[in-house]
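The values are calculated or read from the model by the stated rules, or taken from the named source; none is laboratory data. Here the structure is a predicted model, which is why all the values come from computation and not from measurement. We place every Cβ from the backbone using ideal geometry, glycine too, and count neighbours over all the protein chains shown. For accessibility, only protein heavy atoms count, side chains too; no ligands or nucleic acids. Shrake-Rupley method; radii C 1.70, N 1.55, O 1.52, S 1.80 Å.
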Amino acid sequence: MALNLHVRVHPVVLFQIVDAYERRNADSHRVIGTLLGNVDKGIVEVINCFCVPHKETVDQVEAELNYAMDVHDLNRRVNSNESIVGWWATGHEVTNHSSVIHEYYARECNNPVHVTLDTSLQGGRMGLKAYVCVSLGVPNGKQGCMFTSIPIDVTCYDPEVFGLQLCQKTIGAGGGRSRNVHPMLDLAQVSEAGSKMGVMLDQVLQYVEDVLSGKTQANNAVGRALLDLINSVPHMSNEQFSEMFNSNVKDLLMVITLSQLIKTQLQLNEKLTLLTSV
């Protein structure tokens, strides 16, 4: 059933929605668009989206459906695994015209989801909600529908996590911090990751010591998580770990050297091409 669906949204979708809202026409109070992704075992994973131009008044709503179909066809040529899974809108609530728009997407896919992103920052935060449309009424009588909330959360691939960390470094850039952040070198990333891991291990050790001394009440969920963490660590001696780490570092240095060599060859080829063309 549609009520058993769970929506997972990737950060790039949220960025695209906010970008579409910032680029909206001056007379537009709301922006809508199509959600792209896939559905598997009740999990709706939204990995892409695009904006659909529309005009909305008190009495009616008009959307450029031909534009939406053309953009979807073009996207299918590039990303054949992305299908329509629903639609999105900015705002903190479902409006009267939402059912009309939802009817169109109900013809494009089964059990479409409706995601709202509160760009007006009601309550001081950008609220994210997901809905499905449930039919109501009596047999052979008047029929209607109702939007029912379903669970939604944000999920990330590893490259998206790295991109979010770079974006986070630009927050509060007014205090002398630059808003232009460049990706760090691979060895610098290893060093930073090691430093963060050391800080987190210190926090875990402090928590365990506080529990043993009676300063902090024990939490069974935290204890099970720590036990799973310890069991996931491979059992090896210090010499074996050092050998494995040094081997991985050598592989990393070799990849860096090859990439720099290829970059130099491409730059040299570009300059030689320019010289011959002149």
Fill in: Label point distance in nm, S242-L74, each placed 7 Å from Cα along Cα→Cβ
5.8
Worksheet item: Kirkwood hydrodynamic radius (Cα pairs, Å) of the stretch 52-161?
Response: 16.0
Worksheet item: What net charge do the residues around S98 carry, taking every other residue with its C-beta under 14 Å from that of S98, with Lys and Arg at +1 and Asp and Glu at -1?
Response: -1
Worksheet entry | Nearby lysines by direct alpha-carbon distance to K250 (threshold 25 angstrom, same-chain neighbours under 8 apart not counted) | K196, K263
Item to complete: Please build a GNM for the chain, connecting alpha carbons under 10 Å apart, and tell me which residue among V249, V61, V115 fluctuates the most.
Response: V249
Worksheet item: Between E93 and K55, what is the spin-label point distance in nm, taking each point 7 Å from the Cα along the Cα→C-beta axis?
Response: 2.6
Discussion item. Quick check: residue separation of K196 and K41 times 0.36 nm, minus the Cα distance between them. What number comes out in nm?
Written reply: 52.2 nm
Worksheet entry | Alpha-carbon Rg/Rh ratio, for the chain, with Rh computed the Kirkwood way | 1.08
Worksheet item: How about the stretch 2-104: which trypsin sites (Lys or Arg not before Pro) there lie in a loop by DSSP and see at most 12 other Cβ atoms within 10 Å?
Response: R23, K41
Item to complete: Could you pull the accessible area for D59 with a 1.4 Å probe, rounded to 10 Å²?
Response: 140
Discussion item. Under the 0.36 nm per residue contour assumption, what length would be gained going from the current alpha-carbon distance of S135 and E209 to full extension?
Written reply: 21.1 nm
Worksheet item: log10 I(q)/I(0), Debye, Cα-only the stretch 1-115, no solvent, q = 0.11 Å⁻¹?
Response: -0.34
Worksheet item: For D210, D118, D73, what's the largest-to-smallest order of accessible area, 1.4 Å probe?
Response: D73, D210, D118
Worksheet entry | C-alpha long axis of helix 158-168 to longest principal axis of the chain, angle in ° | 90
Practice prompt. Quote to one decimal, in nm, the extra length available between R23 and V249 on full extension: 0.36 nm per residue of separation minus the C-alpha distance between them.
Written response: 76.9 nm
Discussion item. Under the rule that an exposed site lies in a DSSP loop and has at most 13 other Cβ atoms within 10 Å, name the longest stretch of the chain with no GluC sites (Glu not before Pro) of that kind, not counting the sites themselves.
Written reply: 94-278
Item to complete: Specify the inter-centroid distance of the stretch 86-139 and the stretch 29-71, based on alpha-carbon positions, in whole Å.
Response: 10
